[in-house]
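Working notes, structure below.
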């Protein structure tokens, strides 16, 4: 159940250190019938009832949880030099940390999109080409809006998976005027590749927030997706006010999570390294601020 990706910085393939890998292996692995039955019950409890994630998130905010921070940093090799502060009141305080601006320079070219978050990227020049093990992505179920579905049906898509070890604030990829965020309530299944290989429909079933961005290059849909143990999704921007590329949009509280960006047909050209890796089924580890696509009017 190893998860591999391409590190964009080095160009090399690497194996991911998965937070909670034993739990994921039990819940989504191919065990005996008894194990699979128990896993189904636990998945239903953890993912379909938000109380579990709320309680888990609550405990990460308690002062005692800050003692987990240093061992976590050491085990996953997180660079403390990027932090604005090294003093955290709780584990969730560390999880929602801010970084020093000079650590994430923003792509400055006006026709270039900046990566909205630290994470693992999959890109699809045509939304209809996204499938995992024969499971096709259902845009209509994902958006639950016929007008938007028609507008973006033949467009492009980028998926950004954030692991618990990542910086968990997310940002705008270009200058825009954002609309009001729209909540689509749902479950909180894991968005780990192990889980998505079992059931791609998770993306259309989980809790998510959709924001329309008006840009000089057409509309962009920006979607945050919750996942198991995600305390909540916070928006920090002001709707209907112009924003600049790289401005903060919001942040996830504790847990793994995911972003999806949708573009109208013919309005974006993803970088070739991301396309090539995605065609091989490999995510690309990128960092907030890096250029990853070129826009066209």
By Cβ neighbour count within 10 Å, fewest first, 224, 80, 205 rank 80, 205, 224
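Tally the DSSP beta bridges in the chain and give the antiparallel ones as a percent, rounded to 5. Before the final figure, lay out the partial values.
Details: 53 of 58 bridges.
DSSP beta bridges in the chain are roughly 90 percent antiparallel.
Is the shape of region 88-226 rounded, prolate or oblate, going by the alpha carbon gyration tensor and its root eigenvalues a ≥ b ≥ c, with a/c under 1.5 for rounded and a/b larger than b/c for prolate? Let's see the in-between values first.
On the way: a/c = 1.65, a/b = 1.16, b/c = 1.42.
Note, shape of region 88-226 comes out oblate.
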Once both label points are put 7 Å beyond Cα along the C-beta direction, the residue 216-residue 237 separation in nm becomes 1.7
In nanometres, the difference between 0.36 nm per residue of separation and the alpha-carbon distance of residue 244 and residue 177 is 23.2 nm
Checked region 164-297 against the a/c 1.5 cut and the a/b vs b/c comparison, axes a ≥ b ≥ c from its Cα gyration tensor; verdict oblate
Two pseudo-spin positions, 7 Å from Cα along C-beta at residue 269 and at residue 149, lie apart in nanometres by 3.2
Taking a label point 7 Å from the Cα of residue 89 along Cα-to-Cβ, the residues of region 155-177 whose backbone nitrogen sits under 19 Å from it are 168-169
Distance in nm between residue 131 and residue 101 label points, each 7 Å along Cα→Cβ, equals 4.7
Quick note, region 219-297: a/c under 1.5 would make it rounded; otherwise a/b > b/c is prolate and the rest oblate (a ≥ b ≥ c, C-alpha gyration tensor); here it is oblate
If 64, 167 are placed from fewest to most neighbouring beta carbons inside 10 Å, the sequence is 64, 167
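Throughout, read-outs are computed from the coordinates displayed, never taken from laboratory work. Remember, it's a predicted structure, so these values are computed and weren't measured experimentally. Every residue, glycine among them, receives a Cβ derived from its backbone with ideal geometry; neighbour counts consider all protein chains shown.
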